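The values are calculated or read from the model by the stated rules, or taken from the named source; none is laboratory data. On a predicted model such as this, the values are computed, not experimentally measured, just so you know. Counting neighbours? That spans all protein chains shown, and the Cβs are built from the backbone with ideal geometry, glycine included.
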Amino acid sequence: MKQFFSTNDIVSLSHIIKTALECKENPFGNEYIGKHKTLGLIFLNPSLRTRMSTQKAARNLGMEVMVLNMGTEGWALETREGVVMDGANAEHIKEAAAVMGSYCDVLGVRSFPKLDSKEEDYSDDLFFKFANYCKKPILSLETATRHPLQSLTDLITIIEQGEYFYDAEKGNYIPKVRKPKVVLSWAPHVKALPQAVPNSFSEWMCRAEAEGLVDFVITHPEGYELDEEFTKGAAITTNQVEALKDADFVYVKNWSSYEDYGKVLSMDSNWMLTLEKLEATNNAKVMHCLPVRRDLVLSSEVLDSDHSIVIEQAGNRVWAAQAVLTEMLTHNK
Amino acid sequence: MKQFFSTNDIVSLSHIIKTALECKENPFGNEYIGKHKTLGLIFLNPSLRTRMSTQKAARNLGMEVMVLNMGTEGWALETREGVVMDGANAEHIKEAAAVMGSYCDVLGVRSFPKLDSKEEDYSDDLFFKFANYCKKPILSLETATRHPLQSLTDLITIIEQGEYFYDAEKGNYIPKVRKPKVVLSWAPHVKALPQAVPNSFSEWMCRAEAEGLVDFVITHPEGYELDEEFTKGAAITTNQVEALKDADFVYVKNWSSYEDYGKVLSMDSNWMLTLEKLEATNNAKVMHCLPVRRDLVLSSEVLDSDHSIVIEQAGNRVWAAQAVLTEMLTHNK
Amino acid sequence: MKQFFSTNDIVSLSHIIKTALECKENPFGNEYIGKHKTLGLIFLNPSLRTRMSTQKAARNLGMEVMVLNMGTEGWALETREGVVMDGANAEHIKEAAAVMGSYCDVLGVRSFPKLDSKEEDYSDDLFFKFANYCKKPILSLETATRHPLQSLTDLITIIEQGEYFYDAEKGNYIPKVRKPKVVLSWAPHVKALPQAVPNSFSEWMCRAEAEGLVDFVITHPEGYELDEEFTKGAAITTNQVEALKDADFVYVKNWSSYEDYGKVLSMDSNWMLTLEKLEATNNAKVMHCLPVRRDLVLSSEVLDSDHSIVIEQAGNRVWAAQAVLTEMLTHNK
């Protein structure tokens, strides 16, 4: 694997999930495959889970890790072509990426959107230029459009917590009884947040649905439609009550409008998930990528109940990252 | 050891001191007991000695170390129950601590007091919630009320530099001739500093006195009385000259008022320790936890004299941390 | 080697270059000589290449690495003697350096000049006090006057990319045909930059010229003369066209005035290197220490052409650091 940015970089969902669950079963089973290899983690934005889980995954494989916080430890990067660099940006990504690539065997990059220009953000310009110039395998640590380590984690968690068996002959996970119903449910927030997590979750769930793993439904207020690129095949409704009916997994997440780009159109607290709303579900497990603002995005009563699997979910970040790094170290042609 | 926060977490002072001095004698004698274990160091405030010495100690034991500076690399944590999180805090400690706990085998947390509210600070709310939610052994890297790695270091240094023999049968250090007189002497400062270091030093010295290791005296201007919880059994005087008489160790430290909470009541430079004042001592060794402001808190003439053991003391931070981590790795039930 | 600050710390240029190129050939050939040794990297200023390449070099030798960003993770240091420390500086370098020295086996320090006072900057006070008080081998990660890891890298790159053979009997590199002509060419910039890189490059090239390795020429506008300490023996001209004639290597760099200290006297874009100007050279290879501002300091057409070796040059930072650390670990008396 030369790049981990979207589902397109994954040949088989079941294969990468299986690799991840094997890592969880036996974290140090491949502790020498990363020997003498260095992972560079480049953060243009803050990070807790991604930072720690990816470091841990790399060390479990014997890799060296170098973390660089560009904002506080480095400087601002220019990504545009052909501009006279007489402003705030001290280095062009052409040089920065190439140099980091020469020091590292695998690179990870986090770069949040500014939420000003849809076109600029959705080009994921910085990530792709980084990928192009660093000349090394690269993984997204979240970009404007996607957070694939999170979404792989989410799928692993659903497979793990749902009822599936692994068909070794076909190399596929198969639901034991029926496909679980997975609902992505928009939630209110005071700030404008990127669409990366819901885009990415939707992309992975649509593919999981196509591969017979889940039934996927999205629910959000009007005006919060995600880019169709990520929701092809998903059932979409503005009726949360209907969406939650018989749900097995409810994935809660706020995002700002894609259409009216980066805007907060609603702070309607009725969209916050409560225990009462969960009564209509199939005793659903509740997921969130974290950090989560309690009693704004998700009620404490839900987070503190047995419905919540957010901590187990976050814990799986390690195994998602370890599976991706394992692929990059072993199949990097 | 599941927690290292106060002397109450230590069964035997002599045992932990002996472990530390064995680590100093042979730093890599247990370099495999931390293999495949990860220490997470979470800093809500700056750190030099604690940061470096604890990292070093962990690596000496073969542990992986992940450092997270919450302020610059992460975000602000909410610790209150039942509040709608629509303000500046992006994540609740319930989730943050649980997730970090799932990535790490041992956690260390530093959180300074704000010096606004005595009740809030002295609850050490963040540390205890962290300890509760992370579900892993946890060590204080300094909280509002205590700095136990510093105080253990201080005691190790006194045992090492004083005249003691180790009674292997009883498992105790015993003064060869007489118990050294240890004086905690308040010093002036321009800023309001926490009471954590003097509280903690006092707590450890009171216990060391109870176990026959030292004679302990505290001296400070009126209004600087520490919380009695930490000074039970100590002799306390506002007469510095009297306190210093025949002292073997003088521990210099500024702190703000506990009574008139967080206030600077005196900047009287007469309280600064000088060579002249040391003449009345028993050629006392001078200690300070560092960082120290020269010629404000402690005179350069003292720091540059043979009286000062502040560098040796700071060096012992490694062995205190290594002893605590050794306990956590070997007796963590 | 107890110190790496200037060419004076190097016995033989050819020996250290050979060590570096052997490290490049076989990065893990000495992966145990740093076992149980710790490198402390202390940054008072941002860093990308120095930070990553020096970490990598140390890990290639089996050393532990601890990074400390004094600005965000620590606090401001006092370097003056005999001042009452009642201002912004929380710790004196006497204590800070001594303590870091007690935790580490080798230290690296980066400290940029303020460009206010020539005398203050050029004393490199902080570095030398650090070196004095830490009592451990110390390497400059760039100071006010020099950037020796960069300059060693530059020389390695010239030897590697030029035509030289190694005379094993004499222990010297010798030009195969003739000494390449190396030109240091001033370039415009919008900000006032230190003289450290050009000083240091000039110092190393003057010595390389004295040892028969290169012909060295400096060209800059009037008023940009470097301190003569660094340029002894160099040909200096304000005629860039003349300087570039038949050049084999052109080292491009901006710096502020030394004479009119820290001032920007010219932003003349005619001094920017272009492909047209390179026509008069001997198909010169173009070097820059990076970060470089495109189309301000150096034209994109040059950076994107085969003339540019800036990425290979930056890559060699690892081997320069690894050679220096190898010397420090093996000959540190």
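Can you pull out the residues in the range B:1-48 that are of a type in the set (Asp, Glu), in a helix (DSSP H, G or I) and within 15 Å of B:Trp319 (Cβ to Cβ)? Working first, answer last.
Taking the range B:1-48 as the starting set, the residues that turn out to be of a type in the set (Asp, Glu) are B:9, B:22, B:25, B:31.
So of that shortlist, the ones also in a helix (DSSP H, G or I) come out as B:9, B:22, B:25.
The answer is B:Glu22, B:Glu25.
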Query raised in the report: Given the residues A:Val286, A:Val252, A:Val264, A:Val292, which is the only one that is β-branched (Val, Ile, Thr), within 14 Å of another protein chain (Cβ to nearest Cβ) and closer than 23 Å to A:Asp116 by Cβ?
Result: A:Val264
Report task. Consider C:Val190 carefully, then state whether it is touching a residue at least 24 places away in the same chain (Cβ under 8 Å) and part of a strand (DSSP E or B). Result -> no
Report summary line: Pairs returned, first residue in the range C:53-70 that is assigned by TED's automatic domain parsing to the domain that holds C:Gly101, second residue that is surrounded by 23 or more Cβ atoms within 10 Å (Cβ to Cβ) and of a type in the set (Ser, Thr, Tyr), beta-carbon separation under 7 angstrom, 6 or more apart or interchain, are C:Ser53/A:Tyr103; C:Lys56/A:Tyr103; C:Leu61/C:Thr326
Requested in this report: Could you tell me whether any residue of the range C:114-121 is under 24 Å from the mean Cα position of the chain (by Cα), in the same structural domain as C:Thr50 (by TED's automatic domain parsing), at pLDDT 95 or above and among the small types (Gly, Ala, Ser)?
Outcome: yes
Query raised in the report: From the list C:Ser308, C:Ser269, C:Ser300, which one is among the polar types (S, T, N, Q), closer than 19 Å to C:Gly162 by Cα and within 11 Å of chain A (Cβ to nearest Cβ)?
Result: C:Ser308
Query raised in the report: Taking the condition within 27 Å of C:Leu290 (Cβ to Cβ) and either without any contact (Cβ under 8 Å) to a residue 12 or more places away in the chain or within 14 Å of chain B (Cβ to nearest Cβ) (or both), does C:Glu25 pass?
Result: yes
Report task. Determine, yes or no, whether B:Tyr166 is at the interface with chain A (Cβ under 10 Å from one of its Cβ atoms), aromatic (Phe, Trp, Tyr) and in contact (Cβ under 8 Å) with a residue 40 or more places away in the chain. Result -> no
Query raised in the report: Taking A:Thr79, is it in contact with an Asp or Glu (Cβ under 6 Å, 6 or more places away or on another chain) and closer than 26 Å to C:Pro188 by Cβ?
Result: yes
**Report entry** Candidate set: the range B:36-55, residues that are in contact with a Lys or Arg (Cβ under 9 Å, 6 or more places away or on another chain) and basic (Lys, Arg); chosen: the one nearest to B:Thr326 (Cα to Cα)
**Finding:** B:Arg51
Query raised in the report: Which fully enclosed helices (runs of 4 or more DSSP H) of the range A:49-149 have 3 or more residues being within 14 Å of another protein chain (Cβ to nearest Cβ), at negative phi and crowded, with 24+ Cβ neighbours inside 10 Å?
Result: A:49-60, A:93-103
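Against the definition (more than 14 Å from chain A (Cβ to nearest Cβ), of a type in the set (A, V, I, L, M, F, W, C) and surrounded by fewer than 19 Cβ atoms within 10 Å (Cβ to Cβ)), how does B:Val177 come out, yes or no? Even if it seems obvious, please write down each step before you answer.
On the way: more than 14 Å from chain A (Cβ to nearest Cβ): yes; of a type in the set (A, V, I, L, M, F, W, C): yes; surrounded by fewer than 19 Cβ atoms within 10 Å (Cβ to Cβ): yes.
It is true that B:Val177 is more than 14 Å from chain A (Cβ to nearest Cβ), of a type in the set (A, V, I, L, M, F, W, C) and surrounded by fewer than 19 Cβ atoms within 10 Å (Cβ to Cβ).
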Report summary line: In the range C:241-267, residues that are surrounded by fewer than 21 Cβ atoms within 10 Å (Cβ to Cβ) and more than 26 Å from C:Tyr122 (Cβ to Cβ) total 4
**Report entry** Unique residue being among the acidic types (Asp, Glu) and in contact (Cβ under 8 Å) with a residue 12 or more places away in the chain when the list is A:Asp306, A:Asp295
**Finding:** A:Asp295
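Checking the structure you have, find out if any residue of the range B:227-235 is crowded, with 23+ Cβ neighbours inside 10 Å and either assigned by TED's automatic domain parsing to the domain that holds B:Met287 or not small (Gly, Ala, Ser) (or both).
The answer is yes, given that some residue of the range B:227-235 is crowded, with 23+ Cβ neighbours inside 10 Å and either assigned by TED's automatic domain parsing to the domain that holds B:Met287 or not small (Gly, Ala, Ser) (or both).
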**Report entry** Subset of the range C:311-327 [crowded, with 24+ Cβ neighbours inside 10 Å, closer than 14 Å to C:Glu160 by Cα and touching a Phe, Trp or Tyr at 6+ places or on another chain (Cβ under 9 Å)]
**Finding:** C:Ala314, C:Arg317
Requested in this report: Check the range B:270-291 and report whether any residue there is free of Cβ contacts under 8 Å to residues at least 24 places away in the same chain, among the basic types (Lys, Arg) and more than 24 Å from B:Pro175 (Cα to Cα).
Outcome: no
Query - Unique residue being outside any loop (DSSP other than H, G, I, E, B) and surrounded by fewer than 24 Cβ atoms within 10 Å (Cβ to Cβ) when the list is A:Glu209, A:Glu169, A:Glu203 - result: A:Glu209
Requested in this report: Quickly run through the range A:35-48 and pick out the residues that are away from chain B (no Cβ under 11 Å), touching a residue at least 60 places away in the same chain (Cβ under 8 Å) and over 18 Å from B:Tyr103 (Cβ atoms).
Outcome: A:Lys37, A:Thr38, A:Gly40, A:Ile42, A:Leu44
Query raised in the report: Does A:Asp167 satisfy the criteria of being of a type in the set (Asp, Glu) and assigned by TED's automatic domain parsing to the domain that holds A:Leu77?
Result: no
